[in-house]
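Here's the structure we're looking at; comments come further down.
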Amino acid sequence: MNDSAAHRDDWAESEELAERMIPLIGALRREHDVVTSLHGHRLLGLSATGLVEVHERVAQLGHERLPIEDTLAVLEAIHALAPGASSLDVARLVAGHAESDQSLENYLAEELAPARGAVAAEPTDVVLYGFGRIGRLLARILIAHTGGGSGLRLRAIVVRRGAENDLAKRASLLLRDSVHGRFAGSVTVDEEAEQIIANGTRIQVIYSDDPASIDYTAHGIHDAIVVDNTGRWRDEEGLSQHLRSTGVARVLLTAPGKSPLKNIVHGINDETIADSDRILSAASCTTNAITPVLAAIDEAYGVVKGHVETVHSFTNDQNLIDNFHKGDRRGRSAVLNMVITETGAAKAVAKALPQLEGKLTGSSIRVPTPDVSLAVLHLTIERPATKEQVNDYLRRVSLHSKLRQQIDYVESPDVVSTDFVGSHRAGIVDGLATIADEDTLILYVWYDNEFGYSCQVIRVLEVMAGSHPIVLPERREVTLQG
């Protein structure tokens, strides 16, 4: 048999194994509220080809290669054990079993014991105020996460009516996206009820330009978290208008919030969220991308000072072609120019990491790409570093630490920005680009400033709602020495 035929046989065998996974993954979600992933890459809803591809992808992104037959064996054993509501990383369970001297069944029974009898949280209603780039991605994620009726439930979006066929246009924008591709499923409209129906989820479309006068209870919505995606209000006074509407319990802003609002970067300071916090901010995409990496480096090496330069994709607040803009330079064509502009992300880091107060400066260059940005962290550190040591540490942080949902790591000479469209992580360290020279460290961190940030927003929502299930295996601390 030649090499080509052998590769075809290997692929066909992998697809056959993946096909056997699909009903197990679905049954675990529907029957037991169990969410499965491979190093943070969710498995639910993937085709057989998609499951094979994600096994290849995690290997290419610096993880150990995971035999697909091992994934199937663990999924079968998990299904037989029937644990309660939980988030299970199958790749880490495979690795853990390989290091143990137990049978797979005994190992999983012991490892998944904390999930035995775990019950899913009561559902929490979510309203998206604004339905732009981030709003539609949040909708996609919330719909994809819909399982047995628990957790976060997308109930409504609030927009200003834009045209006679407004509903159809909103639905079309949810269905089709030039950057992130087609929605995975069906999207229809109920014109009479003014609802968008996405994969069976009915989303009430409420037309209003006054956040303080909406009666959400008229649509069966109670104690909702309103996610403000407009960026129109960033202070407590403006955002508190939402709380004057009937049926609203809390508000989350998807932009940097002005003091005294808490700016939350999930994985860093989400433990500071209190039940008494009525209004919170999920900070900015750049702050979410760089803060976890800075936290890891500060813990291991100590950050003395640094400068953050972001090479950022253009956004809707820029002009397509030269025209008046109240901001400096942003009036020049976004699709024809690199545009130097300001960013508050470096200073905003201190809102989540107070120990870095006054240590960082920042600036930004907007570039003619629609999504995925790059942060360059130029740091002076207390303890000397080598490239190999730093990269090994950050790779292990991305695999095993409490920041594994936030930080990813890649070593590939060929990756470019489009390779990170759709990344679930807040930031991805490009190990081959790392520069280390004694007390100077330069890191390059990619981030999907739309989807990666939206995933961070969802994680903050889960904390606010108390809806995130137990995560297994438990994440462990990662030290510089290993």
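Read the figures in this text as sums done on the coordinates, not as results from a lab. Predicted, not measured: the structure shown is a model, and the values here were computed from it. Cβ placement follows ideal geometry from the backbone for every residue including glycine, while neighbour counts extend to all protein chains displayed.
What to note about this one:
- For region 458-473, 3J(HN,Hα) computed residue by residue from phi via the Karplus equation (6.51, -1.76, 1.60; θ = phi - 60°) reads 4, 5, 5, 4, 4, 5, 4, 8, x, 9, 6, x, 4, 9, 9, x Hz, glycine and proline entered as x.
- For region 186-225, the pair-distance distribution built from all alpha carbon pairs, in bins 10 Å wide starting at 0, is 26, 50, 24, 1 percent.
- Three-way shape call for region 236-333 based on the alpha-carbon gyration tensor, with the a/c threshold at 1.5: oblate
- Whole-angstrom gap from region 386-441 to region 220-236, using each part's C-alpha centre: 34
- Length added when fully stretched, Glu388-Asp223, from 0.36 nm per residue minus Cα-Cα: 54.4 nm
- Dipole magnitude (debye, nearest 20) for the chain, charges at Cβ of Lys, Arg, Asp, Glu: 1620
- Convex hull volume per residue, computed on the Cα atoms of the chain, equals 165 Å³.
- Net charge dipole size for region 265-330 [Lys, Arg +1 and Asp, Glu -1 on Cβ; Debye, nearest 20]: 340
- Calculated [θ] (222 nm, deg cm²/dmol) that DSSP helices of n ≥ 4 give over the chain, each run adding -39,500 (n - 2.57): -10000 deg cm²/dmol
- Ordering 253-264, 165-176 by mean Cβ neighbour count within 10 Å, with the highest value first, yields 253-264, 165-176.
- Compactness of region 286-450 - radius of gyration and Dmax, Cα, Å: 16.0, 49
- Value in Å of the Kirkwood radius, where region 58-213 supplies the Cα pairs that are averaged: 18.7
- Scanning residues 5 or more positions from Thr369 or on other chains, those with amide H under 5 Å from its amide H are Phe314, with H placed 1.01 Å from N in the peptide plane.
- Average Cα contact separation per residue, the chain, under 8 Å, 6 or more apart, as relative contact order %: 14
- Integer Hz, Karplus 6.51/-1.76/1.60 couplings in order for region 117-134, x for Gly and Pro: x, 5, 10, 5, 5, 4, x, 10, 6, 10, 10, 9, 8, x, 9, x, 4, 6
- Cut-off under 5 Å, modelled amide H: who pairs with Ala118 long-range: Gly84, Ala85
- In order along region 372-388, the phi-based Karplus estimate (6.51 cos²θ - 1.76 cosθ + 1.60, θ = phi - 60°) of 3J(HN,Hα) comes to 6, 10, 9, 9, 9, 9, 9, 10, 9, 10, 6, 9, x, 9, 10, 4, 4 Hz; Gly and Pro are listed as x.
- Subtracting the Cα-Cα distance of Ala113 and Lys305 from their residue separation scaled by 0.36 nm leaves 64.7 nm.
- Protection proxy ranking, highest mean first, for peptides 450-456, 390-396, 288-294: 288-294, 450-456, 390-396, where packing is the per-residue count of other beta-carbon atoms within 10 Å, averaged.
- Within the same chain, lysines fewer than 8 places from Lys326 are excluded, and of the rest, those with a Cα less than 21 Å from its Cα are Lys258.
- Ordering 45-52, 321-328, 280-287, 401-408 by mean Cβ neighbour count within 10 Å, with the highest value first, yields 280-287, 401-408, 45-52, 321-328.
- Cα shape, region 3-115, gyration tensor, a/c 1.5 rule: prolate
- Here the label points at Asp328 and Arg30, each 7 Å from Cα along the C-beta direction, are separated by 5.8 nm in the simple model.
- Selected from Val126, Ala95, Val416, residue furthest toward positive end of dipole (the chain; charges at beta carbon): Val126
- Using a Förster distance of 30 Å, the FRET efficiency for Thr49-Val335 (Cβ separation, nearest 0.05): 0.35
- Based on Cα contacts under 8 Å between residues 6+ apart, region 3-115 shows a relative contact order of 29 percent.
- Neighbours of Leu441, meaning other residues whose beta-carbon lies under 12 angstrom from its beta-carbon, give a summed charge of -2 when Lys and Arg score +1 and Asp and Glu score -1.
- Full extension of the chain between Glu191 and Arg244 yields a length gain of 16.3 nm, computed as 0.36 nm times the residue separation minus the alpha carbon distance.
- Reach of Lys262 by Cα under 17 Å, taken over lysines that are not fewer than 8 positions away in the same chain: Lys347, Lys351
- Note on Asp277 and His400: the model spin-label points, each 7 Å out from Cα along the C-beta direction, lie 3.0 nm apart.
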